[in-house]
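Note sheet for the following structure.
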Amino acid sequence: MNYYLKALKQYVDFSGRARRKEYWMFVLFNLIFAIVAAILDNVIGSTMGVLPYGVIYILYSLALLLPGLAAGVRRLHDTGRNGWWMLIVLIPFIGSIWLLVLLVLDGDVEENEYGSNPKEVLA
């Protein structure tokens, strides 16, 4: 939960590096809260037609759009890549898989142009 809150505190901070654990814990809690938002939409009946989500889910998703992008960019920085690599998902089929591989890769052990190794700072 601390990594989720850390990403929210760094709401639009696209600089620096984010280690794998930090990014994937943010993704996990974001997924859990998105599912809870969709369930709440279904319970209170605020879904949109045949769609399984509604106002709560959409507001949550919009609120977490920038923190999610910032966390992803910081994660790419940890692997020594520019944040513009996020746009690789625009390539049909292979782009999403390629980005997933980049997000799963271990970060640079040494300091890179985006900052020092976050594993060393925490250790």
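The values are calculated or read from the model by the stated rules, or taken from the named source; none is laboratory data. Fair warning: this is a prediction, and the values are worked out from it, not measured in the lab. Positions of Cβ are generated from backbone atoms using ideal geometry, with glycine treated the same way; all protein chains shown enter the neighbour counts.
Data for the structure
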item: Residue, modelled with the highest pLDDT, within region 11-51, restricted to residues that are over 23 Å from V109 (Cα atoms) and among the polar types (S, T, N, Q); result: N30
item: Every residue from region 1-32 that is in contact with a Phe, Trp or Tyr (Cβ under 6 Å, 6 or more places away or on another chain) and of a type outside the set (A, V, I, L, M, F, W, C); result: Y3, Y4, R17, E22
item: Cross-chain or 6+ apart pairs with Cβ under 7 Å, region 26-55 first and within 26 Å of V73 (Cα to Cα), then hydrophobic (A, V, I, L, M, F, W, C) and surrounded by fewer than 11 Cβ atoms within 10 Å (Cβ to Cβ); result: F29/M1
item: Subset of region 83-104 (residues that are under 19 Å from E22 (Cβ atoms) and either without any contact (Cβ under 8 Å) to a residue 60 or more places away in the chain or of a type in the set (V, I, T) (or both)); result: W85, M86, L99, L100, V101, L102, V104
item: Hits in region 78-104 - residues which are under 13 Å from the mean Cα position of the chain (by Cα) and not hydrophobic (A, V, I, L, M, F, W, C); result: G83
item: Residue identified as more than 21 Å from K6 (Cα to Cα) and assigned to a helix (DSSP H, G or I) among V101, V109; result: V101
item: Subset of region 78-116 that is polar (S, T, N, Q) and under 18 Å from G68 (Cβ atoms) - its residue that is surrounded by the fewest Cβ atoms within 10 Å (Cβ to Cβ); result: N82
item: Failed condition for G16, given (1) over 14 Å from D78 (Cβ atoms); (2) over 14 Å from the mean Cα position of the chain (by Cα); result: (1)
item: Out of L87, L62, sole residue that is at pLDDT 95 or above and more than 28 Å from G107 (Cα to Cα); result: L62
item: Hits in region 108-123 (condition: under 19 Å from V27 (Cα atoms) and either β-branched (V, I, T) or at pLDDT 90 or above (or both)); result: none
